[in-house]
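The values are calculated or read from the model by the stated rules, or taken from the named source; none is laboratory data. Since the structure is predicted, the reported quantities are computational estimates derived from the model, not experimental observations. Heads up, the Cβs are rebuilt from the backbone with ideal geometry, glycines too, and the neighbour counts pull from every protein chain shown.
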Amino acid sequence: MAYRSPAEAELDRIRTLFLQMCVRAESMVRLAVRSVVDRDPVLGRSVVDADRELDKLEVEIDKLCLSYLARRSPQGFDLRLITTVMKMVTDLERIGDLAVNVAERGLHLARGTGVEPGQDFPKMGELAADMIRAAADAFLEGDSEVAKELFTRDKEVDELNRKAFTKWIEAMGAHPDQVDRALSLTSMSKHLERVADHACNLGEMVVFLVEGEDVRHGL
């Protein structure tokens, strides 16, 4: 087995925990959407519970990164890795919060009947969750081209959100008794659209990590 210095082992630990956080955030989005579509309160509550573990991972990663900065004084790629991961875990934590928002709205909807999510909502969830996985893969493989593709997928999510918004606004007009449900569905679609935005942020950070270029306002 090749020798790895203590500093390299610390970086490996940070990478591992970061990828675990990516996997958990992706899973939370998928479960939240499924809980709404299947009207499954058990799944919905599991998303709320999972958010606590996501928060713990964020805190642990931040502590490791700050410790590494203080003790190792990294430069070059290692410095970019640490600072990038610290920014990316913030986006992942917010993705977890958005998944919780979706799941909690779903718990409310499961108690009644009327307007249902339809096909656009689960498609948005699938795309958004796939974007998180693509960002994690790009991070793992050092592939900035894959990260840039996230922005094309984000446009698909935006379009689905617009379609869904129009549909549910029309439903409110046609069925005034369904306004509360339609508003909840509108909010959940917006949450998924924001998940995709955060996945794009992850992609921007991967580009910076790999290429050393800040593309946050010009990719």
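So the values come out like this:
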quantity	calculated
Residue in segment 135-175 that is modelled with the highest pLDDT, counting only those that are β-branched (V, I, T) and closer than 25 Å to L19 by Cα	V157
Qualifying residue in segment 45-52 (condition: within 23 Å of K123 (Cα to Cα) and in contact with a Ser or Thr (Cβ under 6 Å, 6 or more places away or on another chain))	no
Matching option when the condition is in a loop (DSSP other than H, G, I, E, B), acidic (D, E) and surrounded by fewer than 17 Cβ atoms within 10 Å (Cβ to Cβ), among D177, D137, D214	D214
Conditions (1) among the hydrophobic types (A, V, I, L, M, F, W, C); (2) within 26 Å of R15 (Cα to Cα); (3) surrounded by fewer than 21 Cβ atoms within 10 Å (Cβ to Cβ); (4) over 14 Å from the mean Cα position of the chain (by Cα); number of the one not met by L127	(4)
Search result, residues across segment 25-40 that are under 12 Å from the mean Cα position of the chain (by Cα) and of a type in the set (D, E, K, R)	E26, R30
Of all residues making up segment 27-77, the number that are within 24 Å of K87 (Cβ to Cβ), surrounded by 14 or more Cβ atoms within 10 Å (Cβ to Cβ) and of a type in the set (G, A, S)	3
Where a residue in segment 33-54 is under 12 Å from G106 (Cα atoms) and its partner, wherever it lies, is buried (at least 17 other Cβ atoms within 10 Å of the Cβ) and of a type in the set (F, W, Y), with Cβ under 8 Å and at least six apart	V33/F121; V36/F121; V37/F121
Complete set of residues in segment 30-78 that are of a type in the set (V, I, T) and in contact with a Gly (Cβ under 6 Å, 6 or more places away or on another chain)	V33, V36
Candidates E149, E156, E170, filtered to the one that is at negative phi, exposed (fewer than 14 other Cβ atoms within 10 Å of the Cβ) and part of a helix (DSSP H, G or I)	E170
Single residue of segment 102-115 satisfying the filter (surrounded by fewer than 17 Cβ atoms within 10 Å (Cβ to Cβ) and touching a helix residue (DSSP H, G or I) at 6+ places or on another chain (Cβ under 8 Å)) that is modelled with the lowest pLDDT	G114
Identity of the residue in segment 176-198, among the basic types (K, R) and either within 16 Å of the chain's Cα centre (by Cα) or over 14 Å from F121 (Cβ atoms) (or both), that ends up modelled with the lowest pLDDT	K190
